[in-house]
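Just so it is clear, none of the values below were taken in a lab; they were calculated from the coordinates. If you're wondering where the values come from, they're calculated on a predicted model, not measured in any experiment. Here the Cβ positions follow ideal geometry from the backbone for every residue, glycine too, while neighbour counts run over all protein chains shown.
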Amino acid sequence: MSTESLLSVRDVTVDYATGRGRLRAVDRVSFELGAGEALGLVGESGCGKSTLGRALLRLVPLAGGEVRWQGRDLARLRRDELRRLRADLQIVFQDPLASLDPRLTIGQSVAEPLEVHRPELGRTAVRERVGRMLARVGLGPELHNRYPHEFSGGQCQRVGIARAMILEPKLVVCDEPVSALDVSVQGQIVELLRELRRDHGTALVFISHNLAVVRRLCERVLVMYLGRTMEFAPSEEFYADPLHPYSRLLLDAVPVPDPRVERARPPLAAGEVASPFAPPSGCVFRTRCPVAVEACARDVPAFEAATGSRRVACLRWGDRVTARR
Ligand code: ADP
Ligand code: MG
């Protein structure tokens, strides 16, 4: 990768202790993110996207591996160092209303990070910045003194984004930020994130099960299944020619605008996500994989370099490439 690495994720593993025993939600995930880059984190519900997103911000403890932020191990930062770093690392959640403090006006909500991290700013400077940021996300001054419950989901999400962006962070983790919104509003919010990213050079980790949205925003895609990484690829190549059978399954499930194509399509590959309490041996995806062979039950596929900068964890991706030539 040519860009300087902002975030370097090595073999990150996260476990949850549950009543049914240990659940490995994220299993040895590795990737790099350069300054200003946008990475889409995709996969079906329960595959570990949110957990990984939280691990990147040290909001859940790691069972293994490390997260380096500009070369420094996040787990080793002192409390005060971590606190300072929080200004550069922000998160936007799926449920905008639940993530805002109902007792604060939206103006106060957006001002809060500035008051915490930039105490040297005077009241007027804070008010000015808040006004500018709220205008930027499409919320006029007449709305500053309103409370979140008076707002639509889309408006609340604009406030959440303004709050995350007000400190001009270097990285924002967006965890399904548009999944709870109407389709028309989704488009507006995605456009807003694109613009803010362009203007501020903010890097994004954009978590979504919506591959069409990821395509509009992200230049790289990381595919997860049952806590493991299946494929890591530049978006253009990923959408044109996914290497992993699971990636193909996900892309086949993306709705097509033409209803004739939609009807002609074969049903989604069989099976449900395997239980995270008893993941399949070998390749965790093999129980649903249309091209699995015996070896897939035996060997855990390495997450290895494929073509170009792509990486894939599949014993059979090479067979497939050869077959196509
Ligand atoms: P995703 O965001 O891709 O839907 P999650 O990271 O939320 O996936 O969940 C990954 C796995 O971890 C799932 O099996 C989920 O049930 C489990 N999980 C998530 N949060 C917790 C928790 N706080 N305690 C126990 N298990 C959890
Ligand atoms: Mg999630």
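Under 5 Å from the amide H of PHE206 lie the amide H atoms of LEU39, GLY40, LEU41, CYS174, each residue being 5 or more positions distant or on a separate chain, with H modelled from the backbone and absent for Pro and chain starts.
Once both labels are positioned 7 Å from their Cα atoms along Cα-to-Cβ, the gap between GLN70 and TYR16 label points is 3.3 nm. In this structure, ALA63 and ARG132 have a Cβ-Cβ separation that, at R0 = 56 Å, corresponds to a calculated FRET efficiency of about 0.85. DSSP assigns beta bridges within the chain; of those with both partners inside it, close to 60 percent run antiparallel.
At 4 °C and 1.567 mPa s, grab the translational diffusion coefficient of segment 1-58 from Stokes-Einstein with a Kirkwood Rh over Cα pairs, rounded to a whole number in µm² per second. Intermediate results must be reported in sequence, preceding the final value.
Details: Rh = 12.7 Å.
Rounded, D is 102 µm²/s.
Compared with the direct C-alpha span, the chain from ALA240 to ALA278 gains 10.3 nm at full extension, assuming 0.36 nm per residue. Put a dot 7 Å past the Cα of ARG123, heading toward its Cβ, do the same for ARG298, and the two dots end up 7.5 nm apart. Calculated on the alpha-carbon coordinates, the convex hull of the chain measures out at 157 cubic angstrom per residue. The C-alpha radius of gyration of segment 93-237, expressed as a fraction of 2.2 N^0.38 Å, stands at 1.10.
When shorter helices are ignored and each DSSP H run of at least 4 residues is given -39500 (n - 2.57), the per-residue value for the chain at 222 nm works out to -9500 deg cm²/dmol. Other residues whose C-beta falls under 9 angstrom from the C-beta of LEU217 contribute a net charge of +3, scoring Lys and Arg +1 and Asp and Glu -1.
Would you please put 128-138, 35-45 in order of how densely packed they are, using the mean number of other Cβ atoms within 10 angstrom per residue and starting with the highest? Walk me through the numbers before you get to the answer.
Details: 128-138: 17.5, 35-45: 21.6.
The packing order, highest mean first, is 35-45, 128-138.
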